[in-house]
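To keep things clear, I will list the structure first and then write my remarks on it.
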Amino acid sequence: APVREALEYEAKVFEPGMEHQTIYQGASDEVDKAWGDLYNHTLMKIPKKDMALMANKSWPIKDEPGYYLGLFDVFHQLHCLDSIRRTLHKDYYGVGEHHNYDMLEPKHAFHCVEYIRQALMCNPDVSMNIWNWYDDLKGVRGSSHQAHTCVNFLKLQKWAQERQISKFINTTEYIEDDLPDPPIIH
């Protein structure tokens, strides 16, 4: 895929979010903005020459001949995870000024859980979880403070945003297209 130029790897230690909450935990306008900043503005226009190299074919953009709609699946996965987060905070998002339509009905929530499960299994993180002795506990306990090999997310996000579609796309009109169908992959 053409995105390979945007893939750069780095070592990262995860913040477990147990002792100290990250900006992505809880329910507030600030948390909503942090989540939105992860996946908003990432619908892309992909040149025909690049789309022809991909395993899946997308929809052509009527007002921009030679370009196709694209969205990295990680942004869909993050949107799903954010919707699950909002659903867990019904006391905040279910009423008043914070009423949010991204709270999920059970069928949609189950879709998101299943989709994220498949994504995790498709791209498994094989960083080794470790165990350490803790004097205060007088025992061994799992630790999540190990290094992971991660894609530099900011670089990937920047790559997507540089190709962002900046106007409304009419998705209700059929467009003839001459891009050959890719082989079906199961």
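Bear in mind that the values in this text are calculations on the coordinates, not laboratory data. Keep in mind that what you see is a predicted model, and the values were worked out from it rather than measured. Ideal geometry is used to build each Cβ from the backbone, glycine not excepted, and the neighbour counts take in all protein chains shown.
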Mind checking Rg over Rh on the range 31-186, alpha carbons, Kirkwood formula for Rh?
1.06
At 7 Å along Cα-to-Cβ for each site, give me the label-to-label distance between residue 166 and residue 37 in nm.
2.2 nm
Cβ-based exposure ranking for 159, 133, in which fewest neighbours within 10 Å come first
133, 159
Express the relative contact order of the chain as a whole percentage, based on alpha carbon pairs under 8 Å and six or more residues apart in sequence.
34 percent
Rounded, prolate or oblate for the range 109-186? Axes are the square roots of the Cα gyration tensor eigenvalues, ordered a ≥ b ≥ c, and the cut-off for rounded is a/c under 1.5.
prolate
Multiply the residue gap between residue 110 and residue 64 by 0.36 nm, knock off their C-alpha separation, and tell me the result in nm, one decimal place.
13.0 nm
Radius, Kirkwood style, for the range 1-47 when every pair of distinct Cα atoms is counted (Å)
13.8 Å
Set the bar at 25 Å for Cα to Cα. Now go through 57/167; 107/155; 33/62 and name every pair that lies beyond it.
107/155; 33/62
Can you list, by residue number, the Cys in the chain that have no neighbouring cysteine C-beta under 4.7 Å?
122, 150
Taking springs between alpha-carbon atoms closer than 10 angstrom, which of 157, 77, 25 fluctuates most in the Gaussian network model of the chain?
25
Of the candidates 144, 83, 58, which one comes out as most mobile in a Gaussian network treatment of the chain with C-alpha springs shorter than 10 Å?
144
Give or take rounding to whole Å, what are the principal axis extents of the alpha carbon atoms in the range 1-81, in descending order?
50, 30, 15
What length, rounded to one decimal in nm, is gained on full extension from residue 129 through to residue 18, with 0.36 nm per residue of separation minus their alpha-carbon distance?
38.3 nm
Highest GNM mean-square fluctuation, the chain, Cα pairs closer than 10 Å: which of 30, 176, 114?
176
